[in-house]
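Nothing in this text is a laboratory measurement; each read-out follows from the coordinates by a stated rule. None of these values were measured; they are calculated from a predicted model. Positions of Cβ are backbone-derived with ideal geometry, glycine not excepted, and every protein chain shown enters the neighbour counts.
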Amino acid sequence: MAGGLLVAGLAELSAVSLARNGRNAASLPQRAFTIGLHTFGWGVLLFLVLPLLVVVPLSFNAGSFLTYPLSGISGRWYADLAASPSWSKAFRNSFFVGIITTVLATGLGTAAALGIKRLGAGRAKWISLVILSPIIVPVVITAVGVYFLYAPFGLVSSFTGLILAHTVLAAPFVVITVAATLDGFDPNLLRAAASCGASPFVAFRRVMLPLIMPGVVSGAIFAFAISFDDIVMALFLAGPEQRTLPVQMFNGVREEISPTITAAATLLVVLAVILLGIVEYLRKRSRRLGIAAADAGQH
Amino acid sequence: MTAGAVTTARAAPGGPAHRPLDASLGAQLRRADRGRQIRALLLVAPLLLFLFVNFALPLVLMLAKSIDGREEARALARTGAALASWDGRSAVPDAAAKALVADLGDLRGTPALSMVANRLNYDVNGMRSLVLKTARRLPPSGDATLAALGSIDPLWQRPEQWAAVLRATDRITSFHVLAAVDARRDPAGGITMLPPQQGVMREIFLRTFWIASVVTLACIVLGYPVAYLIASATPGWASVMMMAVLLPFWTSLLVRTSAWVVLLQTNGIVNKGLQGLGLTSAPVPLVFNRTGAYIALIHVLLPFMILPIYSIMKSVKPDYVRAAVSLGASPVTAFRRVYLPLTLPGLASGTLLVFVSALGFYITPALIGGAGDQMIGFFIAYYINDTVNWGMAAALGGLLLLSTAVVFLVYTWLAGSSSPAWRS
Amino acid sequence: MRVGIITTCALSVLAAVAVMRPGEASARDLTVAAWGGSSQAAQKKLYYAPFSAKTGTRIVEDSWSGGIGILRTKVQGGNANWDLVQVEADELNLGCEEGLFEKLDWTALGGRERFVPGAAHECGVGSVVWTTGLVYDANRFKDGPKNWVDFWDLKRFPGKRALRKGPKYTLEAALMADGVEPKDVYKVLRTPAGVDRAFKKLDEIKKDVVWWTAGAQGPQLLASGEVALANIYASRALSANRSDGRNFKVVWNQSVYAIDYFVILKGSPNRAKAVELLSFMTQPEVQKDFPGEANQGITTIAANKQVPKAVSANLPTDPENEAVALALDVDFWVDNVDQLTQRFNAWASR
């Protein structure tokens, strides 16, 4: 039950569907309440977004002070970023680790989600709890344990160790996302395909895979984002050769907040917008497909 | 999409199950079902195996490390044997001094010497230099007496140092676990707490829980109304608002944290704004202190509160509240008696997520907090990366893991005991 | 068909990854860890880049902010991913005793007598002579502080103070602020009462202190106005004056100076290359330009003779500066750094 709730909560993170029923606060008569709620709510939303948006213009500042008004528009901090070997290496490392982690986590996670769907309810519950536990256990603890395990094998300060550790963090999110898509999948479709003479493999490839593909891709994007964002594992497991973008930023912020960091931050905000856009697009598409398929299945 | 996204039962049995079953068909079905279960388990197995090696094993290893004293015990084997019958108060037998000299003689020139010296220094300040100094000037083992050690450094005449040596000779040691709560074992076998000015760990644990509670509470206060606002908005507005929640959620933690450092610096944007508005004449310290840590932590964790609450609110039919109001309940009563209980599961999972995440946080406070605002995660990293005190890091990690598990169990228990009315 | 597309996508992604694979060679590149900021920038410009150009050896840089524990972790924890490290004198002595560093072959390095006194050690080669002292923004205070008593005077010089987050040169400053003569500082610190006295003095300004960890933070804290006065590395402040047009003033009176060393971590797979780099960096012809670039002193006698007077006036090695300064007592810190760091951390974190 608790596990289910947590799962539901987490699943929502990936598959939040926007409100459909247009009920509003009119059922509560006080206008003052409505106005207050809106002011408060929008204030909180501004609090969430503004810090990110404020940083973006600063990265184009011609001067080196991180404050408004800007002393002019310039791309010098981006040039700085591009010219710096340590930043470009950090970008390369982050993408490298992120992509390999994504491939591993998506493979393991998708298979596990398909398996869990077919298990009996009791078993499925316990296995999901086990699989999701890396999300619940604080990363710093996992990082310490992994450090102890990897150190004797020389996997600390190696890409292999970092990728394996990131896969631990990322795979559960793939499971959640793919399982959420499978929830909307009508198993009768597979039976229908079978009754039309399709072999189980063909039925899976031609019917199931296209339908769950948006979930798999969303899961992959999640996995990438988890790896790309991780700093705790990286601080324990990455040596100077493996330094990822978050570690580079961490060192930068600790030493001095320079406009170069705001340029890197801006690029990462753009990346976040792209990833978020893809996931939202897939989620909507998946729902459309799911509904269409369900309609087709009812014939 | 409510609870049980993953845990929903397998697909309903298909057509043949409706027919009356004869024995052989039943057996066939059971076999088919078993085959299906095995295939399903085979699909899950790779991830389970992967997590076993790279997640479960490390956790067990960490817990084991926190009580593992084998290396020190081996290095001080003779001393340990000689001290076995010592009562912890009276003068140390010369045999123990002789054994220590023999052990240190073997350790000299090897990395194990500094390992032992460091381990003793965690226990009693100053033991590191005492041990290294003694190892440099070891008396010939033949005439090694307590007095001879005492002439190297009079500290050897005191039982405290020997008690520390004795504590370091346990193969399975409670030393680190006790140290993680500012306690230690005295030679008589009892457990004593360190005086408050020497111990900091209890304070750090309390601080960690306090910060996590404040952040969670703030997230509830800020998040619940926002979730309601989004759940009750028209689809167009709802998607705009949802973007405002999801964008920070998808943006790198480091970006969010460094954005706050930029904003909150003494001459940063917030302070410039406050001064521009005439709210303050001098800059307000907002960074490298608790205020900054709270602001950044709340910002980072707020989406984890809003999203689960929102998802539950979306599934609550407005009819219930309307019905309550039409039956004469005041809006406040309708909220308290109907809407709040219905949305409680979302609130509970949001609270769990935020609180547990906050407990383990260390990057954000490390960058934006002051020396007195660091949480337990910071010290775990400190003991690994800045000292080689793995035992202490492991013990602190174990305690944090335990805290997380307790929070999770309390949540399960509370969620299990309340009736799942929201499932309606 | 869809599967075909996906397979193609996956393969092209893997191919792309293979292309950008960041060279995980079994033998890693020579990795040098120094102290970041202007000092490391100068090392890169005058030492690492020319060395790489000359020998073709790739150098990976890292930066750190000291702490014997980090070196112990690296060597004893099986995670020695640095080869050459710039360490402080107490770390040099402790680490050498604990076997964390390789012993050096001084004949291969051209002999100890090439170096200023104290710069040639069995485990390390003197790299820079540095100073930490009272620094302030002369644009903010016309009649600035002259000593540590002034530093503690929150009325005359309102604003926050920057101090290093650690006991080293923080306790010294506290004692001098409490009226201890520079020549007596370590005599007093060697007594438990003296240590208590230093912490008690620090209590007076504790709530007004911003603690820095990385050397580059110092000038930044002063420049942003975050702090009014700072106990930071003189070289960083002077570099900010030159590169950023600042008007920071270094109070040489009661400043603390010491030598830093390059050491080779035990078990380094790049030992030969590290020794080669050490010889390169200590050639007088290479070293002589370093003070002008980094505002730090240098360690070979021949190179010191070639430093122009205008540059050396800003160095701790200048006789006038040296006369009013305090030499870091390495022996004291070797004996006490562990204990005092532990006590300092406990004190600071509450």
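Inside 10 Å of the C-beta atoms of A:211-219, what's the mean count of C-beta atoms belonging to other chains?
Rounded to a whole number, the mean comes out at 1.
What does the helix-only formula give at 222 nm for chain B: each DSSP H stretch with n ≥ 4 adding -39500 (n - 2.57), the total divided by the residues, and the result rounded to the nearest 500 deg cm²/dmol?
-21000 deg cm²/dmol
To make sure I understand, if each residue's beta carbon is the centre and we count other beta carbons within 10 Å, what order do A:S94, A:S133 fall in, fewest to most?
So the ranking, lowest neighbour count to highest, is A:S133, A:S94.
Could you tell me the largest-minus-smallest coordinate of the C-alpha atoms of region C:159-271 on each of the three principal axes, in descending order and whole angstroms?
The Cα atoms of region C:159-271 stretch 45, 42, 25 Å along the principal axes, largest first.
Which whole number gives the average count of other chain Cβ atoms within 10 Å of the Cβ atoms across peptide B:293-304?
2
Go ahead and run the numbers for FRET between A:I274 and B:N267, Cβ-Cβ distance against an R0 of 41 Å, rounding to 0.05.
Values: r = 33 Å, r/R0 = 0.81.
It comes out at approximately 0.80.
Taking the Cα centre of region B:73-215 as origin, work out the dipole magnitude from +1 charges on Lys and Arg Cβ and -1 charges on Asp and Glu Cβ, in debye rounded to 20.
Result for region B:73-215 is approximately 260 debye, rounded to the nearest 20.
Could you tell me the center-to-center distance, by alpha carbons, between region A:268-290 and region B:271-295 in angstrom?
So the two Cα centres are separated by 37 Å.
What does the structure give for B:359-371 when I average, per residue, the other chain Cβ atoms found within 10 Å of the residue Cβ?
For peptide B:359-371, the averaged partner shielding equals 4.
Please compute the modelled spin-label separation between C:D203 and C:Q283, points set 7 Å along Cα→Cβ, answer in nm with one decimal.
So the two model labels end up 5.7 nm from each other.
Using a simple spin-label model with points 7 Å from Cα along the Cα→Cβ vector, what separation in nm is obtained for A:R92 and A:A198?
Placing both labels 7 Å along Cα→Cβ, they lie 4.4 nm apart.
Which pairs break 29 Å Cα to Cα here: B:K133/C:K160; C:K45/C:K74; A:K89/C:K74; C:K74/C:K168?
The answer is B:K133/C:K160.
What is the calculated FRET efficiency for B:T145 to B:L279, with r their C-beta to C-beta distance and R₀ = 60 Å, to the nearest 0.05?
0.25
Can you give the local net charge around C:F101? Use residues other than it whose beta-carbon is closer than 10 angstrom to its beta-carbon, Lys and Arg +1, Asp and Glu -1.
Values: positive: C:K103, C:K266; negative: C:E91, C:E97, C:E98, C:E102, C:E122.
Taking every other residue near C:F101 into account, the sum is -3.
With the cut-off at 1.5 for a/c, could you classify chain B from its C-alpha gyration tensor as rounded, prolate or oblate?
oblate
If you take the charge dipole of the protein assembly as shown about its Cα centre, with +1 on Lys and Arg Cβ and -1 on Asp and Glu Cβ, which of B:A218, B:S349, C:L229 is farthest toward its positive end?
The residue sitting most towards the positive pole is B:S349.
When the dipole is taken about the Cα centre of the protein assembly as shown, and only Lys, Arg (+1) and Asp, Glu (-1) are charged at their Cβ, what size is it in debye, to the nearest 20? Intermediate results must be reported in sequence, preceding the final value.
On the way: 97 positive and 71 negative charges, 790 e Å.
Value, rounded to 20: 3800 debye.
Quick one: dipole size for region A:85-297, taken about the Cα centre, charges +1 on Lys/Arg Cβ and -1 on Asp/Glu Cβ, in debye to the nearest 20.
720 debye
So which lysines pass the test for C:K146, namely a Cα distance under 16 Å, with those fewer than 8 places away in the same chain ruled out?
Within reach: C:K155, C:K249.
At a Förster distance of 45 Å, what's the computed FRET efficiency of C:R112 paired with B:L57, Cβ-Cβ distance as r, to 0.05?
Working: r = 50 Å, r/R0 = 1.12.
Rounded to the nearest 0.05, the efficiency is 0.35.
Leaving out same-chain residues fewer than 8 places away, which lysines sit with a Cα under 20 Å from that of C:K305?
Within the straight-line limit of under 20 Å, C:K305 reaches these lysines: C:K288.
Give me A:H166, C:H121, B:H176, A:H38 sorted ascending by neighbouring Cβ count inside 10 Å, so fewest comes first.
Lowest count first: A:H38, C:H121, B:H176, A:H166.
Please identify, among C:T131, C:T107, C:T73, the residue showing maximal mean-square fluctuation in a Gaussian network model of chain C using a 10 angstrom Cα cutoff.
Judging by the Gaussian network model, the answer is C:T107.
How about C:K103: which aspartates and glutamates have a C-alpha closer than 17 Å to its C-alpha, ignoring those fewer than 8 places off in the same chain?
Hits, sequence-local ones excluded: C:D83, C:E88, C:D90, C:E91, C:E122, C:D260, C:E276.
Enumerate the amide H contacts of A:G63 below 5 Å, restricted to partners 5 or more residues apart or on another chain; note that Pro and chain-start residues carry no placed amide H.
When sequence neighbours closer than 5 places are left aside, the close amide H contacts are A:S71, A:G72.
What number, rounded to the nearest 500 deg cm²/dmol, is the helix-based mean residue ellipticity at 222 nm of chain C, given -39500 (n - 2.57) per DSSP H run of at least four residues and division by all its residues?
-12500 deg cm²/dmol
When a/c is below 1.5 the answer is rounded, else prolate if a/b is larger than b/c, else oblate, so apply that to the protein assembly as shown with a ≥ b ≥ c taken from the square roots of the Cα gyration tensor eigenvalues.
prolate
Residue separation times 0.36 nm, minus the C-alpha to C-alpha distance between B:V240 and B:L414: what's the value? Please report the intermediate quantities before stating the final value.
On the way: separation 174, 0.36 × 174 = 62.64 nm, distance 3.45 nm.
Length gained, B:V240 through B:L414: 59.2 nm.
Between B:V406 and B:D153, what length in nm is gained on full extension when 0.36 nm per residue of separation is reduced by their alpha carbon distance? Each step should come with its number before you reach the end.
Working: separation 253, 0.36 × 253 = 91.08 nm, distance 4.73 nm.
So the chain would gain 86.4 nm between B:V406 and B:D153.
For chain C, what does the alpha-carbon gyration tensor say about shape, rounded, prolate or oblate, given a ≥ b ≥ c as the root eigenvalues, a/c under 1.5 as rounded, and a/b over b/c as prolate?
prolate
Taking the Cα-to-Cβ direction at B:A323 and at B:A45 and moving 7 Å from each Cα, how far apart do the two end points lie in nm?
With each label placed 7 Å out from Cα toward Cβ, I get 5.0 nm.
What number, rounded to the nearest 500 deg cm²/dmol, is the helix-based mean residue ellipticity at 222 nm of chain A, given -39500 (n - 2.57) per DSSP H run of at least four residues and division by all its residues?
Taken over chain A, the calculation gives -25500 deg cm²/dmol.
Please report how far the C-alpha centroid of region A:61-75 lies from that of region C:225-300, rounded to the nearest whole angstrom.
If we compute the Cα centre of each part, the gap is 31 Å.
Please rank A:W42, C:W211, C:W130, B:W156, fewest neighbouring Cβ atoms within 10 Å first, as an exposure proxy.
Details: A:W42 14, C:W211 17, C:W130 25, B:W156 20.
By the 10 Å Cβ count, ascending: A:W42, C:W211, B:W156, C:W130.
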